[in-house]
Amino acid sequence: MAMNGLSKMAATALLLVLAVVPAALAVKYTVGDAQGWASGVDYTTWTAGKTFRVGDTLVFNYGPSHSVNEVSSSVYASCGGTPIKTHSDGETDIDLDTVGPKYFICPTAGHCSNGMKLSVTVVAASSGAPETPSPPSSTPGTPATPTTPPADGTPATPTPTTGSTSPPPPKGSGASKGVMSYILVGVSMVLGYGLWM
């Protein structure tokens, strides 16, 4: 095989690997886990500790007495009103494709008011960069320290001292390590393929 053909195949393989990386980072959340979309589940507790990102999917599993309405914040708060979308197929996948709050209720009489409602806030998709807060623009100084009074009896003036410490470097997130692993595997596959040809 000519080297030009090998280069094209290697580039194509690398592009395929890189296309798979974002999909590998997306998460499918089964709402309510094993309990599903049902009465008596505390969905506020279920969302605690989870980060919902653009590209993730909410999977609602429910019986015939339930359905899922995607609603506005006012309909969510009042448990009644016109839905944005209605689903009643028993297994509904909702792709989170925009940033911001999303609200869901069961419209069956009494279900929403008894807690069968879900609110999630969707953040931007992970770029693989660590999520660490930015360091402050200036490091505050240490408190003033008193000095020994002068020999002439005048009062001592505290001398302010400033400390300047650098924040520790940010630690890599699991997502960035995962992305790097996929890229390294992909590059290794492309290079290995090139050696066999």
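The values are calculated or read from the model by the stated rules, or taken from the named source; none is laboratory data. This is a predicted model, so every value here is computed, not measured. Positions of Cβ are generated from backbone atoms using ideal geometry, with glycine treated the same way; all protein chains shown enter the neighbour counts.
Overview of results
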| quantity | calculated |
| --- | --- |
| Total residues in region 84-125, condition part of a loop (DSSP other than H, G, I, E, B), in contact (Cβ under 8 Å) with a residue 60 or more places away in the chain and either among the small types (G, A, S) or over 19 Å from G32 (Cβ atoms) (or both) | 3 |
| Any hit, region 73-83, residues being in contact with a Leu (Cβ under 6 Å, 6 or more places away or on another chain) and assigned to a loop (DSSP other than H, G, I, E, B) | no |
| Failed item, numbered, when L25 is tested on (1) modelled with pLDDT of 95 or more; (2) crowded, with 18+ Cβ neighbours inside 10 Å; (3) of a type in the set (A, V, I, L, M, F, W, C) | (1) |
| Scan of region 31-61 for residues that are free of Cβ contacts under 8 Å to residues at least 40 places away in the same chain, part of a loop (DSSP other than H, G, I, E, B) and surrounded by 15 or more Cβ atoms within 10 Å (Cβ to Cβ), ordered by number | G32, G36 |
| Enumeration of residues in region 61-97 that are of a type in the set (A, V, I, L, M, F, W, C) and over 20 Å from G115 (Cβ atoms) | I84, L96 |
